[in-house]
Amino acid sequence: MIVGLLNQKGGVGKTTLSVNLAASLARTGARVLLIDADPQGSSLDWAAARQGAPLFSVVGLPRPTVHKEILQIGHGYDHIIIDGPPRVTDLARSAIMAADVVLIPVQPSPYDIWAADEVVKLIDEARVYKDHLKAAFVVNRKIANTAIGRDVGEALAAYPVLVLTASITQRVAFAEAAAQGLAVHEIDKEGPAAAEIEAVAAELMEFAR
Ligand code: ADP
Ligand code: MG
């Protein structure tokens with residue numbers, strides 16, 4: 001499975017979800033590659049902050065040729081996660097063309113919901129060449145028990161893209177883990193952040209089949 005985490009909006013959780021989903025898939029024994037397609041290199045920074053053994057491989061590929069290089073670079077891996085770039089459209093296009101499934105993190109804010117039309121447009125364009133391309137929103141940084149947290153699913157339903165049932169809550173564990181180059185399950189194996197990641201990973205696997 002090749003999953004692209006994409007959204008031209010920055011700060012929505014592309015990198016956070018990329019590293020944690022890659023870690024979750026790797027935990028099942030799968031060979032996982034994380035491609036950092038963002039020139040900022042945040043996934044590479046995450047890997048550099050890590051002290052223990054790597055859970056999965058990370059390579060930087062901030063070029064609009066990911067879709068051409070992925071066959072070679074991804075050889076031998078069971079799953080590939082692409083941590084997408086903000087803004088830069090040609091990079092985002094290449095990442096979308098490389099992916100079987102595009103996962104779009106969105107925060108429960110009207111600005112994020114409006115900004116999602118950009119990435120939806122790119123997916124529509126890509127479907128001209130890849131009609132089997134799957135895409136889904138995943139709500140990130142949900143704040144428990146807020147109306148906006150509940151309404152976001154409804155607002156996103158206006159787009160012709162599925163919204164995953166599983167979502168991720170705003171939790172300090174995500175930032176605390178990232179600071180040490182860890183996945184959330186490594187700092188709190190039984191914790192709610194790890195459980196949310198597992199639920200998103202399971203739904204994603206099911207959706208990708
Ligand atoms: P992007 O890659 O889309 O720019 P990041 O994954 O870097 O977004 O997230 C932006 C910031 O928000 C980071 O500081 C990250 O630690 C934080 N963050 C992302 N998701 C969560 C969450 N669910 N709970 C708490 N902090 C989060
Ligand atoms: Mg990022």
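The values are calculated or read from the model by the stated rules, or taken from the named source; none is laboratory data. Computed from a predicted structure; not experimentally measured. Because the Cβ atoms are built from the backbone with ideal geometry, glycine has one as well, and the counts that use them run over all protein chains shown. Side chains are part of the model used for accessible areas, which takes the heavy atoms of the whole protein and leaves out ligands, DNA and RNA. Shrake-Rupley method; radii C 1.70, N 1.55, O 1.52, S 1.80 Å.
Identification of strands (runs of 3 or more DSSP E) wholly contained in segment 1-72 with 2 or more residues that are within 11 Å of GLY84 (Cα to Cα) yields 2-5, 32-36. Kindly provide the set of residues from segment 1-47 that are away from ligand 1 (no atom under 11 Å from the Cβ) and under 10 Å from the mean Cα position of the chain (by Cα), ordered by number. Listed by number, the residues that qualify are VAL3, GLY4, LEU21, ALA22.
Of the residues making up segment 17-44, those that are within 14 Å of ligand 2 (Cβ to nearest atom) and either modelled with pLDDT under 95 or out of contact with any Ser or Thr (no Cβ under 9 Å at 6 or more places or on another chain) (or both) are LEU17, ASN20, LEU21, PRO39, GLY41, LEU44. Checking the structure you have, find out if any residue of segment 143-163 is within 24 Å of MET1 (Cα to Cα) and in contact (Cβ under 8 Å) with a residue 60 or more places away in the chain. No, segment 143-163 contains no residue that is within 24 Å of MET1 (Cα to Cα) and in contact (Cβ under 8 Å) with a residue 60 or more places away in the chain. For segment 182-193, check the following and say yes or no: at least one residue is closer than 22 Å to ASP78 by Cα and within 16 Å of ligand 2 (Cβ to nearest atom). Taking every residue of segment 182-193 in turn, at least one turns out to be closer than 22 Å to ASP78 by Cα and within 16 Å of ligand 2 (Cβ to nearest atom).
Can you name every residue in segment 90-102 that is more than 13 Å from ligand 2 (Cβ to nearest atom) and either more than 17 Å from the chain's Cα centre (by Cα) or of a type in the set (A, V, I, L, M) (or both)? Those that are more than 13 Å from ligand 2 (Cβ to nearest atom) and either more than 17 Å from the chain's Cα centre (by Cα) or of a type in the set (A, V, I, L, M) (or both): ASP90, ILE96, MET97, ALA98, ALA99, VAL101, VAL102.
Does PRO86 meet the test of being modelled with pLDDT under 95 and within 12 Å of ligand 2 (Cβ to nearest atom)? So PRO86 passes the test. If you filter segment 1-52 down to residues that are of a type in the set (A, V, I, L, M) and free of Cβ contacts under 8 Å to residues at least 40 places away in the same chain, you find that the one that is least open to solvent (accessible area, probe 1.4 Å) is ALA26. As a summary of the residue check, GLY76 satisfies the conditions (1) more than 16 Å from ligand 1 (Cβ to nearest atom); (2) in a helix (DSSP H, G or I) except for the one numbered (2). Among the residues of segment 190-209, those identified as charged (D, E, K, R) and either farther than 19 Å from ALA30 by Cα or buried (at least 21 other Cβ atoms within 10 Å of the Cβ) (or both) are GLU190, GLU196.
Residue pairs whose Cβ atoms lie under 9 Å apart, separated by 6 or more positions or on different chains, with the first residue in segment 98-120 and among the polar types (S, T, N, Q) and the second in a strand (DSSP E or B), are GLN107/VAL139; GLN107/LYS142. Picking from residues in segment 147-164 that are open to solvent by less than 50 Å² (accessible area, probe 1.4 Å) and among the small types (Gly, Ala, Ser), the one that is modelled with the lowest pLDDT is GLY149.
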